[in-house]
1. What is the extension gain from residue 69 to residue 34, computed as 0.36 nm multiplied by their sequence separation minus the C-alpha to C-alpha distance, in nm to one decimal?
2. Please give the FRET efficiency for residue 27 paired with residue 50, using the beta carbon to beta carbon distance and R0 = 35 Å, rounded to the nearest 0.05.
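Bear in mind that the values in this text are calculations on the coordinates, not laboratory data. For clarity, every value in this text was computed on a predicted model and none was experimentally measured. Cβ sites come from the backbone with ideal geometry, for glycine too, and all protein chains shown count toward neighbours.
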């Protein structure tokens with residue numbers, strides 16, 4: 001049995017329950033889903049942990065932009081010599097052409 005979530009436009013117009021795959025009520029209002037979750041918590045199959053609050057006011061992961069390089073396509077590279085650029089692959093000629101993988105060096 002497969003479960004397909006309806007299109008976004010349909011979801012915007014009606015309440016939808018993912019558990020029952022129906023438009024009769026919203027998932028947040030589903031009593032059966034709530035009872036299943038509560039049962040799993042009571043039996044120890046699902047644990048609810050307290051959220052860790054980060055006390056640091058600045059991000060831990062930062063990016064150094066002093067020597068940043070910009071990736072550009074070859075057709076944009078004219079005049080970009082000696083600058084902080086990386087010349088990538090040419091863009092697709094048609095909209096339907098897709099680049100499935102890129103070689104990173």
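1. Values: separation 35, 0.36 × 35 = 12.60 nm, distance 5.01 nm.
Contour length minus the Cα-Cα distance gives 7.6 nm.
2. On the way: r = 24 Å, r/R0 = 0.68.
Efficiency at R0 = 35 Å is approximately 0.90.
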